[in-house]
Amino acid sequence: MTEEHSSTGALNGIRIVDLTSVLMGPYACRLLADHGADVIQVVPPSTPKTVMGDSTGRGGISLDIQRNKRSIMLDLKSETGQAAPWALIETADVVVTNMRAKALQRLGFDGESIRQKYPRIIYCLANGYGETGPYADRAAYDDAIQAISGFAGLSARISGTPAYAPSVVVDKVCGLFIVQAVMAALIHRGNTGQGQSINVPMFETMAAFTLVEHFRGAALIPPQGEMGYTRLLNANRRPFQAADGWVAILPYTDANWRAFFTEIGRPELIEDEKFATHDLRTEHSEEIYGIVAEHAPQKTRQAWMDFCDEHSIPCNPVLDITDLETDPHMQSVGLFQTTTHPVEGPYRTVRDPVSYDGMSTSLKRHAPVPGEHTSEVMRELGWTDEQIDSLAQ
């Protein structure tokens, strides 16, 4: 993978001021940068001046979520430090922040203040909770939102104990919502000439995400069932132990189940009234998955793969994350790539998994050292060397 400084993405010519931290905001802004936006990350003077030194730098996360950005270091509490971001915002199309609302108001960088001065700006505030609710200024992190959104509680329906997903799923889901919201607002501005304020609250966003499949008949008035998708909420919905390891076997259609019941020597189950239709199988999903678990050890993983491929039944081995890079499909499509950071040296990265035949989301800039582009950006804004020196001091 080679570094390219020219932008060929859909957002070429769009400038985004990145006033975010931790994972959700930086991840969203990196995705926008991948699409060609000139994303300028603003970091405080307390930030360690190393690529790996911020709160998300452990394990090389910063190499991923800060790529394709420029970075400037400003003290937003100082007079000069306040003048610089306003000069930057004047040239921007989008401001993205996940600072808490009261802190933004104290600094004067709340949406109302910015859009009053620059009405064409798209201002995106991504925070824990909607601005009009009683939780508006409550602190929020991924685990806390998994808990309150009902996501962690789904596990309690299966095992009796709530559990967090072993992934920062809320930050990443909400990051994707930020991206689609900003892109929609840019299209809206292109059509109308109007900017707008956007609020992406983690609580509401994750609740909506979780309820997509779990609202079920409870969405109807009067309700025609309870919340919760039965097929997902049972202890036997899990990878199965084959003769030589774990495997995901997922018969789904009527034909899939007929083939499976025949293969395990239980053809009588084809006529069992509990399993005759998709709805009935969903209702009795714990029992039917228990049958799969009972018979999975009869074959090796490869034997199950061969059988399932023959009958178009979804089936895959359970991989550890350390197996992904050597998976033959991953190697064929080149998801993992190697490049060299000018400071950190060689590192592995994951390309954009989506491919386009008319634009690029490739690496254009390596993750910057915090503040690396302060002088460069301020000169672009017309600041003199003396002003830049004053800013540095």
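The values are calculated or read from the model by the stated rules, or taken from the named source; none is laboratory data. Since we're looking at a predicted model, the values are computed, not measured. Please note: Cβ atoms are built from the backbone with ideal geometry, for glycine as well, and neighbour counts cover all protein chains shown. Calculation scope for accessible area: heavy atoms of the full protein, side chains included, ligands and nucleic acids excluded. Shrake-Rupley method; radii C 1.70, N 1.55, O 1.52, S 1.80 Å.
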Residue ID - farthest from Gln331 (Cα to Cα), chosen from residues in the stretch 349-393 that are acidic (Asp, Glu) and open to solvent by 50 Å² or more (accessible area, probe 1.4 Å) | Glu386
For the stretch 50-152, list the helices (runs of 4 or more DSSP H) that sit wholly inside it and hold at least 2 residues that are surrounded by fewer than 22 Cβ atoms within 10 Å (Cβ to Cβ), in contact (Cβ under 8 Å) with a residue 24 or more places away in the chain and touching a Leu at 6+ places or on another chain (Cβ under 8 Å); which are they?
-> 79-90, 101-107
Considering only the stretch 299-393, give the helices (runs of 4 or more DSSP H) lying wholly within it that have at least 2 residues that are of a type in the set (Ser, Thr, Tyr).
-> 374-380
Contact list, first residue from the stretch 242-257 and over 15 Å from Met305 (Cβ atoms), second anywhere and surrounded by 15 or more Cβ atoms within 10 Å (Cβ to Cβ), beta-carbon distance below 6 Å, six or more apart or interchain, is Trp257/Pro251
Counting only residues in the stretch 153-174 that are part of a helix (DSSP H, G or I) and among the aliphatic types (A, V, I, L, M), the one least open to solvent (accessible area, probe 1.4 Å) is identified as Val170
Identify, from the list Val179, Val212, the residue that is assigned to a helix (DSSP H, G or I), β-branched (Val, Ile, Thr), under 28 Å from the mean Cα position of the chain (by Cα) and crowded, with 16+ Cβ neighbours inside 10 Å.
-> Val179
Selection count, the stretch 105-135, where residues are of a type in the set (Gly, Ala, Ser) and in contact with a Lys or Arg (Cβ under 9 Å, 6 or more places away or on another chain) = 1
Gly225 passes all but one of the listed conditions (1) assigned to a helix (DSSP H, G or I); (2) without any contact (Cβ under 8 Å) to a residue 40 or more places away in the chain; the exception is number (1)
Checked the stretch 327-348 for anything under 30 Å from Gln393 (Cβ atoms) and either touching a Pro at 6+ places or on another chain (Cβ under 6 Å) or open to solvent by 20 Å² or more (accessible area, probe 1.4 Å) (or both); matches are Pro342, Val343, Glu344
Checking Ile388 against (1) at pLDDT 90 or above; (2) out of contact with any Gly (no Cβ under 8 Å at 6 or more places or on another chain), which single condition isn't satisfied?
-> (1)
Which of the residues spanning the stretch 74-116 are among the small types (Gly, Ala, Ser), farther than 22 Å from Gln387 by Cα and at pLDDT 90 or above?
-> Gly111, Ser113
